[in-house]
Amino acid sequence: MNIRTVLAFALGPVVTAGLGLVTVPVIAWVFTPADVGRLNIVQIAVSFGVLLFNLGLDRAYVREYHEWSDRGALLKACFTPGFALLLLAMLVTLPIDRRVAGWLFGLGHVAYYWMLVACVVASFISRFLSLILRMQDRGLAFSASQILPKVILLLAVAALALPAFSRTFGELEVAYLASLLSVLLIYSWNTWREWVPALRAPVSRPQIRGLLDYGVPLIFAGVAYWGLDATSTLTLRSLSTLPELAIYSVSMSFAGVGVVFQTIFSVLWAPMVYKWVAHGADMRRVDHVAQQALAVVCAIWVVSGALSWLIDFVLPAHYVQVKYLMLCCIGEPLLYTLSEVTCVGIGITRRSMLSLWSTIAGLVVNVALSVWLVPGHGAAGAVVANAIAFLVFFVARTEASAHVWRPFPRARLYAFVTAGVGLSIATLVYGPHAPVHFSVVWLALLPVVAWCFRHEWSGMHRALLGALKSRRSYPEPDEEPGALP
């Protein structure tokens with residue numbers, strides 16, 4: 001993958017994160033904390049629907065893309081089972097739609113539930129269409145499809161701030177649905193040459209069964225991961241208050257820098273590593289990528305800690321806790337991204353069940369700690385439970401990969417990520433009593449990170465210069481499949 005492709009894929013997450021830093025404060029100023037909390041429930045429900053109904057076949061599509069000759073048939077075989085199950089679920093919930101709306105939102109309006117269903121359907125279809133752009137290295141189209149919904153959501157929320165609107169949750173949900181429909185429209189336009197032939201492509205039952213054999217364990221792993229990710233939201237909804245859920249939701253939104261890194265890396269990593277496997281490359285290069293990823297993770301964590309005090313200038317006063325909570329929140333995307341490198345052996349060996357057990361380990365820890373901490377500490381207890389649970393999740397995935405694939409150096413990885421989680425929790429607990437002191441501590445860690453990872457920074461700098469030089473000399477072909485990112 002050449003440097004222009006990498007930058008094209010990076011454009012979307014970077015711009016999206018920048019827009020998020022504007023959108024989240026605007027939503028926080030325009031809507032009540034209760035409605036901000038309800039929007040978080042919508043987002044969690046949409047992510048659950050996509051994870052559950054795709055039956056793990058989105059990851060099967062990525063895994064088998066380079067090994068199927070008829071990729072239209074592959075797309076159809078991966079999309080059809082989950083979409084049929086989604087339609088069936090819509091029919092089953094039809095008689096209880098008002099009850100579900102009341103349980104989710106505390107408001108018994110049926111329209112809120114069916115707008116949520118429309119959000120799930122749009123996101124489900126968009127998920128598979130986005131994989132086409134991802135696997136074809138069409139970075140600019142992929143990035144544009146990520147940026148547009150954020151722009152539409154921001155414009156819609158800004159319009160809802162006008163006196164002509166009542167600023168209800170229903171209006172906020174409509175704005176969110178409009179953003180999802182826009183991305184579906186763009187994905188459909190950019191991939192019509194692939195999905196139109198897929199409609200007519202012949203698919204056999206043995207082909208679907210083979211894909212399901214790989215994907216079915218990932219259903220449970222995906223649902224378990226959703227539970228790991230959503231435990232904080234669910235416990236805050238049931239054991240605390242909607243304003244506390246709003247504080248948690250805004251804190252997670254300000255962990256956007258980590259999400260940028262997660263998104264860019266996840267988009268690039270899986271197709272590249274499976275291409276390495278298909279070409280018989282030396283997989284010891286994964287060890288170097290893991291150390292480079294650790295360097296970036298630590299740098300993002302430390303810079304976020306040093307600058308977190310700026311959040312006070314963009315949020316209303318009742319969100320004053322966010323600058324402390326977001327450091328625990330940022331651990332989730334960073335630890336997940338790092339685990340995508342260290343757990344690569346699970347995907348290579350097709351030992352999908354290990355992903356499930358690793359996720360369950362983190363889920364059990366998250367549920368236990370959340371039930372213990374949330375009733376007394378609200379959003380603060382939720383983010384602490386989340387940070388510790390994702391540390392357990394990272395260690396479990398890493399150890400599973402080392403066991404089934406090959407051993408690799410792990411002590412340095414564990415030392416740095418444990419220190420990051422520990423310092424984030426310490427900032428949350430003691431920061432309100434000495435905010436300036438903790439900002440200085442995080443700032444002082446910048447040269448430490450620069451020194452500890454000096455070899456990794458040097459290696460990434462050389463790789464970037466080499467990629468730029470190669471691009472100037474040979475503008476057309478991609479790098480060799482074994483090239484480092």
| query | Do any helices (runs of 4 or more DSSP H) entirely within the range 45-143 hold 3 or more residues that are at pLDDT 80 or above and under 19 Å from Ser182 (Cβ atoms), and if so, which? | reply | 110-135
| task | Give the range 385-438 a look and list any residue that's open to solvent by 40 Å² or more (accessible area, probe 1.4 Å) and of a type in the set (Val, Ile, Thr), or say none. | result | Ile388, Val392, Val395, Thr418, Val429, Val436
| remark: Of those in the range 234-252 that are assigned to a helix (DSSP H, G or I) and of a type in the set (S, T, N, Q), the residue most open to solvent (accessible area, probe 1.4 Å) is Ser238
| request: Any residue in the range 121-148 that's among the aliphatic types (A, V, I, L, M): show its pairings with residues that are assigned to a loop (DSSP other than H, G, I, E, B) at Cβ separation under 9 Å, as long as the two are six or more apart or on different chains. | output: Leu129/Thr191; Ile132/Arg138; Ile132/Thr191; Leu133/Thr191; Ala141/Thr191
| What do you reckon, is Arg138 touching a Leu at 6+ places or on another chain (Cβ under 8 Å) and of a type in the set (Lys, Arg)? | no
| field | Verdict on Gly49 being within 28 Å of Pro243 (Cβ to Cβ), of a type outside the set (A, V, I, L, M) and either surrounded by fewer than 22 Cβ atoms within 10 Å (Cβ to Cβ) or within 16 Å of the chain's Cα centre (by Cα) (or both) | value | yes
| remark: Picked from the range 319-369 (must be more than 21 Å from the chain's Cα centre (by Cα) and of a type in the set (S, T, N, Q)), the residue nearest to Ser232 (Cα to Cα) is Gln321
| query | Is there any pair linking a residue in the range 51-72 that is without any contact (Cβ under 8 Å) to a residue 60 or more places away in the chain and of a type in the set (D, E, K, R) to one that is open to solvent by less than 30 Å² (accessible area, probe 1.4 Å) and part of a loop (DSSP other than H, G, I, E, B), with Cβ under 8 Å and at least six apart or on different chains, and which? | reply | none
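The values are calculated or read from the model by the stated rules, or taken from the named source; none is laboratory data. Note that the structure is a prediction, hence the values are computed from the model and not measured. Neighbour counts are summed over all protein chains in view; Cβ atoms, including those assigned to glycine, are modelled from backbone coordinates with ideal geometry. Side chains are part of the model used for accessible areas, which takes the heavy atoms of the whole protein and leaves out ligands, DNA and RNA. Shrake-Rupley method; radii C 1.70, N 1.55, O 1.52, S 1.80 Å.
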